[in-house]
Amino acid sequence: MLLDISCLPKNKILCIDMKSFYASCECVDHGLDPLEDYVVVVSDKNRSGSVVLAASPKMKQDYGIRTGSRLYEVPCRRHIHIFNARMKRYLEISVQITELFSTFVPFEAILTYSVDESWITLDGTEKLHGSPKEAAQKIRSAIWNQFGLPSCIGIGPNRFISKVVLDVYAKKQGIAECTYEEVPKKLWPVPLREVWGIGSRMEKHLNNMGMYTLGDVANSSLDRLRKRFGVIGEQLYYHAWGIDLSPPFIDARTFPQKSLSRPKLKKYK
């Protein structure tokens, strides 16, 4: 397949993830450092089999404790802090973070994917915030300064690329970017298990077909994938080439400039 990227939409999309969100929120509320302290959030700390819902970066790095681990796997150490989850509190902070995003772009240009992850479209904001990377740095700094919470941001011309580059690179680097031209170099080597939208069952099916990386899917046959998986196979193939034609939300240029500085926005008709 010869990809003519000139025909593809080139939006400026950020995929923003709050690092270890529940654990980071507990750190801030209890006067701890989200990046340096050892924190675990569980569903019920009185049950040894309770599921870990979040762990701070230090817990992951030094003890291998992460989401899905069990409380009995957490070492008994004085410097390890264990908290019960407070979902209402996390949702409150998530809403406040979304309000912060709306000081950079219109509310309609924000898509909340989960309590700790969002996409925002920057199209039309260059004069206000600079390049996508400059805007990402500003947003990341604003989140840290206002909430004391760490975040990471993936940048791409569509939702799929921004999400994958977030998961693969930005969660280690802080901010990472990928263009259409860079897809073969940056995304094709990625193992299928690390690609957003490919679950363990799909990965197993693709492995049985001789595909182990996103590049293997890209260089497979569209007809073969479509025949095996139907519409999903077709989507897999185009995603492997970095193609995602889902709407990028609203272009900020269609809204008044003053709306970009208001913390709360009404819906435009």
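Here are the numbers for the structure shown:
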{"item": "Enumeration of residues in region 2-21 that are touching a residue at least 40 places away in the same chain (Cβ under 8 Å) and more than 30 Å from Arg66 (Cα to Cα)", "result": "Leu3, Ile5, Leu8, Pro9, Lys10, Asn11, Lys12"}
{"item": "Qualifying position, being over 22 Å from Asp29 (Cβ atoms) and modelled with pLDDT of 95 or more, among Pro150, Pro132", "result": "Pro132"}
{"item": "Those residues of region 168-188 which are more than 15 Å from the chain's Cα centre (by Cα) and surrounded by 13 or more Cβ atoms within 10 Å (Cβ to Cβ), in sequence order", "result": "Thr179, Tyr180, Glu182, Val183, Pro184, Lys186, Leu187, Trp188"}
{"item": "Top-ranked residue in region 127-149 [being small (Gly, Ala, Ser) and without any contact (Cβ under 8 Å) to a residue 24 or more places away in the chain; ranked as surrounded by the fewest Cβ atoms within 10 Å (Cβ to Cβ)]", "result": "Ser141"}
{"item": "Of all residues in region 26-36 being surrounded by fewer than 20 Cβ atoms within 10 Å (Cβ to Cβ) and under 23 Å from the mean Cα position of the chain (by Cα), the one that is farthest from Tyr90 (Cα to Cα)", "result": "Glu36"}
{"item": "Test: residue in region 204-213 that is in contact with a strand residue (DSSP E or B) (Cβ under 9 Å, 6 or more places away or on another chain), surrounded by 14 or more Cβ atoms within 10 Å (Cβ to Cβ) and not acidic (Asp, Glu)", "result": "yes"}
{"item": "Every residue from region 18-41 that is more than 16 Å from His79 (Cα to Cα) and charged (D, E, K, R)", "result": "Lys19, Asp29"}
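To keep it simple, each residue is scored yes or no on (1) at pLDDT 95 or above; (2) in contact with an Asp or Glu (Cβ under 8 Å, 6 or more places away or on another chain); (3) of a type in the set (Lys, Arg).
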residue	(1), (2), (3)
Ile80	yes, no, no
Phe83	yes, yes, no
Leu91	yes, no, no
Ile97	yes, no, no
Phe104	yes, no, no
Glu108	no, no, no
Tyr113	no, no, no
Lys127	no, no, yes
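The values are calculated or read from the model by the stated rules, or taken from the named source; none is laboratory data. Just so you know, these numbers come straight off a predicted model, no measurement behind them. Virtual Cβ from ideal backbone geometry, glycine too; neighbours counted across all protein chains shown.
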